[in-house]
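Below: the structure, in structure tokens.
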Amino acid sequence: MAKKTIPVAIRRVVAERAGWCCEYCKSQEKFSPQPFTLDHFIPKSKSGNDDSENLVLACHGCNGSKLDKTEALDPLTKTLVPLFNPRVETWAEHFAWDGTFTRILGMTPVGRATVIALKLNRKQLTNLREFLVLFGEHPPKTI
């Protein structure tokens, strides 16, 4: 059976809503060597659907780290918590930038678990953020 693709119009709605940034790590698609993907926040394997309210604009690194996860361990409390859901939560509720704007800090159990599970501070990302800060391109204005 052929894989069903998301219509271009839906992808545009999701990307515009996200400000063309990964909704998890806040990378900007215009600085990515690859187009971003659409992540099903609730994976299809867990009865998720293709409605725009279940779709998240994600870079390949975040999407590849998330896979079908919807929860992860908070490293501080050692409890299982839901991952950050950009459709119902705001980024600034759960995350903040460090003083150099190169690392994402988890400020809540959801934030801490998401930083670890999705590897939001991958070395490639922190390097790119450091470079973009020098040119006034980071953090993105959409936050």
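In terms of other Cβ atoms within 10 Å, 23, 71, 16 run from fewest to most in the order 16, 71, 23. Label separation (residue 53 vs residue 123): 4.2 nm, computed from points 7 Å beyond Cα along the C-beta direction.
Counted by neighbouring Cβ atoms within 10 Å, the residues 65, 47, 52, 27 run from fewest to most as 47, 52, 65, 27. Each label was represented as a point 7 Å from its Cα along the Cα-to-Cβ direction; for residue 103 and residue 42 these points are 3.5 nm apart. Kirkwood radius and radius of gyration were both taken over the C-alpha atoms of segment 8-134, and their ratio Rg/Rh is 0.95.
Where a number appears in this text, it was derived from the coordinates with a stated rule and is not lab data. Please read all numbers here as calculations on a predicted model, not as lab measurements. FYI the Cβ positions are ideal-geometry reconstructions off the backbone, even for glycines, and counts take in every protein chain you see.
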